[in-house]
1. With a sphere of radius 12 Å drawn around the Cβ of Asp190, what net charge do the other residues whose Cβ falls strictly inside it have (Lys, Arg +1; Asp, Glu -1)?
2. What does the highest-first list of 224-237, 265-278 look like by mean Cβ count within 10 Å?
3. What does the accessible area of Tyr152 come to, in Å² to the nearest 10, when a probe of 1.4 Å is used?
4. Residue separation times 0.36 nm, minus the C-alpha to C-alpha distance between Gln249 and Lys95: what's the value?
5. If you add up the charges near Leu258, with Lys and Arg at +1 and Asp and Glu at -1, over every other residue whose beta carbon is less than 14 angstrom from its beta carbon, what do you get?
6. Cα centroid distance between region 244-261 and region 40-101, in Å?
7. Ordering Met1, Met23, Met260 by how much accessible area each has at a 1.4 Å probe, largest first, what is the list?
8. Classify region 150-297 as rounded, prolate or oblate from the Cα gyration tensor: take a ≥ b ≥ c as the square roots of its eigenvalues, call it rounded if a/c is under 1.5, otherwise prolate when a/b beats b/c and oblate if not.
Amino acid sequence: MKYAYYPGCAGKGATPELHQSTMKVVEGLGIEVVELDRFNCCGAGVIGEADPDLAYLLNARTLATAEALGLDIMTVCGTCQGVLGGANKRLQKDKDLRNRINQSLKASTGLEYQGTVTVKHLQWILVKDFGVEALKKFVTNPLTDISIAPFYGCYILRPESATGFDDWENPQSLEKLIKTIGAYPVEYDDRTKCCGFPVFLEKEEIATGMVEKRVSSAKKAGGDAMVTPCPLCHMGLDFNQKSAEKIHQEKEGANKRLDMPILHLPQLIGLAMGFSPESLGMKHHLVSTAPLIQKIN
């Protein structure tokens, strides 16, 4: 089992603990990855709004680089999965578009994309390629008595035509993984809603309110922590939780705190595989993971 690893921007930049924990988990599971040495930002949907062909060109470069290796792409970012995966589906289906983009791609890089690559998030790989039954064999530290609130966010589910991995209305892949490692998946309405991260640049007050709603919903449902497959969701829910707490206290009382650890998916899996919190980069979080670790241990 071998993949071209596409860390994206946040996976090694703003959230380096995501890359760190991913490497621990894939190595522990025996999944071979080759990190792409020529890749660029997927555009996060923003570039496509201003210049669609540029967005296709940037993503085609990444896809063609993986294709030259004869490998499918593994991504660890829900946003990259949606944007890069969506561009890939369109390039595969629309031959005229692919030919037009290839003209620019070949002129600028010498590469061409033939449409043979599949983009797969680590979440997809663990559930469908590796399989939850196989994963169970690597669980040496089952997280029993721990309740985890899954948070899918937007791009890993929508649009369904770009992802095709899980039911966008009632996804179950994160729940399957949470059960596999011995924890309890919390049910709550906000698990498939936007974290608010894209809104911060324009309407910070609205975005902070969105964070409060997502985190307080998970907390009221009994979550000890939230887990997300998207580093942008992680940044939204972790980095901005202290600001969101002020809104929460206005609603619930001055002594009411959120204190909700936000885990990257490979961190959660890594804990169940027996890796230390330090080796998974859990000290990088703004919201302390120490109470969760203490409960696990």
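1. +3
2. So the order, starting with the most tightly packed, is 224-237, 265-278.
3. Per-residue accessible area (Tyr152): approximately 0 Å².
4. Values: separation 154, 0.36 × 154 = 55.44 nm, distance 5.43 nm.
Here the answer is 50.0 nm.
5. +1
6. Each part reduced to its Cα centre gives a spacing of 40 Å.
7. Met1, Met23, Met260
8. It is oblate, given that a/c is not under 1.5 and a/b is not larger than b/c.
The values are calculated or read from the model by the stated rules, or taken from the named source; none is laboratory data. These numbers come from a predicted model, not from an experiment. Note that we place each Cβ from the backbone using ideal geometry, even for glycine, and neighbour counts take in every protein chain shown. Calculation scope for accessible area: heavy atoms of the full protein, side chains included, ligands and nucleic acids excluded. Shrake-Rupley method; radii C 1.70, N 1.55, O 1.52, S 1.80 Å.
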